[in-house]
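Readers should treat all values here as calculations from the given coordinates under stated rules, not as data from a laboratory. Note that the coordinates shown come from a computational prediction; the quantities given were computed from them, not determined experimentally. Every residue, glycine as well, gets a Cβ built from its backbone with ideal geometry; the counts of neighbours run over all protein chains shown.
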Ligand code: NAD
């Protein structure tokens, strides 16, 4: 089976879907791996390293896609790339399937089996394939490093002959994978950290990292069976904002990571709350690509609102691209390996399996994923 890894075409995408370490493992399992020449450039990995690992290197992007039985990628394909694929080809990457109706229709028409890495179910067996977690973990780390660099203060407390400096205050809103890593990173840098999440189970995790959990009584909140937050009512959101305004006003750094699976992110930090913060403070909106938690945050931009810097830069994991690629590649390899038929040497979509049922969006000219079919009323 021919597994192809073309270069990314999404502007600014510097991560690489497959690194030589995992090419070697796939080649050993009998896969015929082909990569596009220059694939590893952003990681300073030369084509020869891929050749040594057992891949063939193809210079022609279109030809590579045309010959593929399966394509492994970080991001979704362009329409012209889908047009090149063989019917029955498997395309595996992040696909943002709740917002990509046209792309999904194209996969259906072209009879492509599309696998969305976001839709890998949250079960123990699939943790090793979970790119949302592996990338969110890094995003949480980068958000703190970025904010610390932009802040014109230090984070730790310092007692010096020239006086005592109190620790910076960091407030993390949304404590999933990214939020937990942001807390841990800010703590390591010596900040005083507070955090809030609507899922009550998070309180213990926040405390175990040495941060303070901000208590706001919102009534019934809870989480889905997959561990995701449930959407709040407008009244609950309003209560949350009121409860947080004071904490934001006292914080030097606010990092928001609040997401709702398959839905728009909730607006948590309003314009009034931003203006209530001290001049020079910094907000990082990690949910900016999902609709944004912060009023005024803009995708890919850093803006100044009355002296408060709002950072909406996208693809934060791409800023630590070596480790982001290493983890993404490992997640992809683990997925392929799990469903690799060693005898026939092919990736076998076993629809009896919970993971396959969860992440395959289209197959044999149909939307086969229940959640996505329901979302589009198909
Ligand atoms: P996410 O990216 O969907 O959301 C980030 C956080 O925002 C979540 O903690 C969510 O509760 C929170 N949030 C949503 N609305 C909010 C609001 N109005 N105010 C404040 N916070 C709000 O979530 P995630 O990081 O992917 O993880 C969610 C949970 O799933 C975590 O507990 C994580 O440990 C768990 N998880 C389990 C597995 C598994 O395989 N079992 C894998 C990954 C994650």
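The fewest-to-most ranking of 233, 185 by surrounding Cβ atoms within 10 Å reads 233, 185. Footprinting exposure proxy ranking of 100, 52, fewest other C-beta atoms within 10 angstrom first, gives 52, 100. Between the helical axis of 131-150 and the longest alpha-carbon principal axis of the chain there is an angle of about 40 degrees.
Its alpha carbons give the stretch 239-339 an Rg and a Dmax of 16.4, 53 Å. Taking the average, over residues, of other Cβ atoms within 10 Å as the packing measure, peptides 72-83, 251-262 rank 251-262, 72-83 from highest down. Calculated mean residue ellipticity at 222 nm for the chain: -10000 deg cm²/dmol, from DSSP H runs with n ≥ 4 weighted as -39500 (n - 2.57), summed, divided by the residue count and rounded to 500. Mind pulling the angle between the C-alpha long axis of helix 177-188 and the longest principal axis of the chain? Nearest 10 degrees, somewhere in 0 to 90. Between helix and principal axis, roughly 50 degrees.
Angle of helix 234-250 to the longest C-alpha principal axis of the chain, folded into 0 to 90 degrees and rounded to 10: 60°.
Distance from the alpha carbon centroid of the stretch 27-98 to that of the stretch 140-175 works out to 41 angstrom. Seen through its C-alpha gyration tensor, with square-root eigenvalues sorted a ≥ b ≥ c, the stretch 246-296 comes out prolate because a/c lies at 1.5 or above while a/b is bigger than b/c.
Taking all Cα pairs closer than 8 Å and separated by 6 or more residues, the relative contact order of the chain comes to 19 percent. Reported value for the stretch 136-314: 107 Å³ per residue, from the convex hull of its C-alpha atoms.
Distance between the C-alpha centres of the stretch 262-297 and the stretch 234-249: 12 Å, rounded to the whole angstrom.
Here the relative contact order of the stretch 159-300, from alpha carbon pairs under 8 Å that lie six or more residues apart, stands at 22 percent.
When DSSP assigns beta bridges and you keep just the ones with both residues in the chain, what percent turn out antiparallel, to the nearest 5? Once the DSSP bridges in the chain are tallied, antiparallel ones form about 30 percent. Counting neighbouring beta carbons within 10 Å and listing from fewest to most, the residues 217, 96 come out as 217, 96. For the chain, the Stokes-Einstein estimate of translational diffusion at 20 °C and a viscosity of 1.002 mPa s comes to 97 µm²/s, using the Kirkwood hydrodynamic radius over alpha-carbon pairs.
Note on the chain: GNM, Cα springs under 10 Å; of 196, 339, 328, the largest mean-square fluctuation is that of 339. Above 17 angstrom, tally the Cα pairs of the stretch 152-227 and express them as a % of all pairs, no decimals. Cα-Cα pairs in the stretch 152-227 separated by more than 17 Å: 48 percent.
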